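I have placed the structure first, in the form of structure tokens, so that the comments after it can refer back to it.
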Amino acid sequence: MAAFDPKEFAVPRERARVLVAGAGGLGSPALAALASSGVGVIGVADSDVVDLSNLHRQVIHVTAGVGLPKTASAEEFLKRSGFGGAVLTFQTRLDTGNIMEVVSEFDVVVDACDTFRSKFMLNDACVLAGRPFVHAGVLQFEGQIMTIYPERTACLRCLFESPPPPGSVPTCQEAGVLGAAAGVLGAIQAAEALKVLDGKKTTLSDRVVAFDARHMSFRTVPVSRDPGCPVCGTKPRIDSMEDANYPPEACD
Ligand SMILES: [Zn+2]
């Protein structure tokens, strides 16, 4: 596929709108890093409430906020941090009915969701809406990260056509997450989102970085677009959010 100019997706920081989808293990460090980045608008989407058992990896939330919606707790954090822009909160589960409308409001999206259902839904919505996004996933000591420019560079479905069947991969709740591993990946996601906004050529596009905190290793794997990709290929079968079958999540 032809090379493209990432400047196509550049937006001046002060006008830039960044959505962080998920305000948990990845979203917390991403939001902490974005708070002082000078972006104009930060959106936070999460349907959950702050839970004591997750606080070790959800560093922006505090014990006094247990029981509050994570979106409200995240907004408080951003204000406490001196974030000078606007905060938009979406205290709702992003689903086929609302996800396109939400992602379309933003210039770049950070995938800080914790379920495969949400990750694939976000991938499809961002590709269909033409929004660049920064995917990451973390489990136990490991994680991976990739930046996607819609219909320019490989998307999540170019690598994995569909989500793994429910129950085949342990959930964060079942397997646990090293808080510091989520912290590393979330901070990298923020850096990637800012590089997208700045039009940098050196984002993690068409490559996946696999991080392993046990060996403290970062392994880069080149990837490329799949012409048979169901959402960004030459003959996509997913033209709208209604076209894909998103599996239910065991941990929803
Ligand atoms: Zn694709």
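Screening the chain for DSSP H helices whose Cα atoms reach 20 Å or more along their own axis and whose mean Kyte hydropathy is at least 1.0 gives 179-198. Heavy atoms of the protein chains alone define the surface here; on that basis the chain has 43 Å² accessible area per residue at 1.4 Å probe size. Accessible surface of the chain, 1.4 Å probe: 52 percent of it comes from carbon and sulfur atoms. With a cut-off of 19 Å on the backbone N, the residues of the stretch 132-150 near the modelled label site 7 Å out from Asp51 along Cα-Cβ are 137-141. Among the listed pairs Lys119/Lys195; Lys70/Lys119; Lys7/Lys70, a Cα-Cα separation exceeding 25 Å is found for Lys7/Lys70. Using the Cβ of Asp107 as centre and a radius below 10 Å, the other residues enclosed give a net charge of +2, where K and R count +1 and D and E count -1. Under a model in which nothing but the beta-carbon of Lys, Arg (+1) and Asp, Glu (-1) is charged, the chain shows a dipole of about 740 debye around its Cα centre. Apply the a/c threshold of 1.5 to the C-alpha gyration tensor of the stretch 14-243 and tell me whether it is rounded, prolate or oblate. It is rounded, given that a/c, with a ≥ b ≥ c, falls under 1.5. Here the sum of -39500 (n - 2.57) over DSSP H runs of 4 or more residues, divided by the residues of the chain, equals -7500 deg cm²/dmol at 222 nm, to the nearest 500. With the highest mean first, a sort of the peptides 185-197, 213-225, 50-62 on other beta-carbon atoms found within 10 angstrom per residue produces 185-197, 50-62, 213-225.
Relative contact order (percent) for the stretch 14-243, with alpha-carbon contacts under 8 angstrom and 6 or more residues of separation? Computed over the stretch 14-243, the figure is 21 percent. Other residues lying with their Cβ under 11 Å from the Cβ of Cys229 contribute a combined charge of 0, Lys and Arg counting +1, Asp and Glu -1. Working from label points 7 Å from Cα in the Cα-to-Cβ sense, the Phe141 to Asn245 distance is 3.8 nm.
The values are calculated or read from the model by the stated rules, or taken from the named source; none is laboratory data. It should be emphasised that the depicted structure is a prediction, and the values quoted were computed from it without experimental measurement. No Cβ is skipped: glycine too gets one built from the backbone with ideal geometry, and neighbour counts run over all protein chains shown. Ligands, DNA and RNA are excluded from the accessible area calculation, which covers all protein heavy atoms including side chains. Shrake-Rupley method; radii C 1.70, N 1.55, O 1.52, S 1.80 Å.
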